[in-house]
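Below: one structure, written as structure tokens.
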Amino acid sequence: MVVTPIRESITFLSHAMASLGVPYSFGFGIILFTLIIKILTLPLNIQQMRATKALQELQPKLQELQKKYAKDREKLAQEQMKLYREAKVNPLAGCLPSLIQLPIWIGLYQALYRMAQEGVLAEGFFFIPSLAKPIGLGWLWPPSAWQWPDMPAYLVLPILTLITQLAVQKISSPPTTDPQQAAMNQMMYFFPLMLFFFALQVPSGLSLYWVVMNLFTLLQQFIFMEGWKKPAPSGRKTHGERTKKP
């Protein structure tokens, strides 16, 4: 069971924040917990980014195979899999980090749900009235249940979850000419919609975790992608340029 370790970790981090005089201690405790999880899953994310880059580099060869075996779909699939094996590329690697995080997300939901029931998460986080709410869709439907200004405040994190997850999905799904891979990429876009639907119902603390996780992922992608770019070759100065005087 991961529920108890997650709960104890968030509680410890939150109390540490409070002892330092940090306001919204549970919110920042969740953010710090998210950062720790991101560091622990860093090897998987690096593997994902390498696979994404490798898939991009294979696109010209995949296009050649599609032209060569345009009338033989079975042979095309065999040759594509052969190309992936030779290049040591797993086209499913982009999905792995999200799938690995799913048990953590479920455990975090159970931990935060129990903490919400016990009133531990009653405190808010900046404009969010409470990290313990919402539970279910009763706050959103029917419209007669809307409470102002709480209702729009609780909508912010689900919307941010959708936007940031779409951004993560976009950078994790490179353009491809492989119909099978393209179909797989399209299917993965249901994941952000699913998370948005969940975020409307789960405690806001869980939505906060996912938004922060996505922001860390986007930052990580930017840092590593920039680091992998080859520096432009700088031309050496000629002897005349070195000795030229103004």
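Nothing in this text is a laboratory measurement; each read-out follows from the coordinates by a stated rule. Here the structure is a predicted model, which is why all the values come from computation and not from measurement. Cβ atoms come from the backbone with ideal geometry, glycine included; neighbour counts cover every protein chain shown.
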*Residues of the range 106-146 being loosely packed, with under 12 Cβ neighbours inside 10 Å and either out of contact with any helix residue (DSSP H, G or I) (no Cβ under 9 Å at 6 or more places or on another chain) or in contact (Cβ under 8 Å) with a residue 60 or more places away in the chain (or both), which ones?*
118, 119, 126, 136, 141, 142, 143, 144
*Pull up the range 147-166, narrow it to residues that are within 14 Å of residue 209 (Cα to Cα) and of a type in the set (S, T, N, Q), then point me to the one that is surrounded by the most Cβ atoms within 10 Å (Cβ to Cβ).*
161
_Boolean, residue 78 is without any contact (Cβ under 8 Å) to a residue 12 or more places away in the chain and out of contact with any Cys (no Cβ under 9 Å at 6 or more places or on another chain)_ = yes
*Count, please, the residues in the range 51-75 that happen to be closer than 30 Å to residue 215 by Cβ and either in contact with a strand residue (DSSP E or B) (Cβ under 7 Å, 6 or more places away or on another chain) or touching a residue at least 40 places away in the same chain (Cβ under 8 Å) (or both).*
6
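Give the residues of the range 26-69 that are within 30 Å of residue 10 (Cβ to Cβ) and among the basic types (Lys, Arg), sorted by residue number.
38
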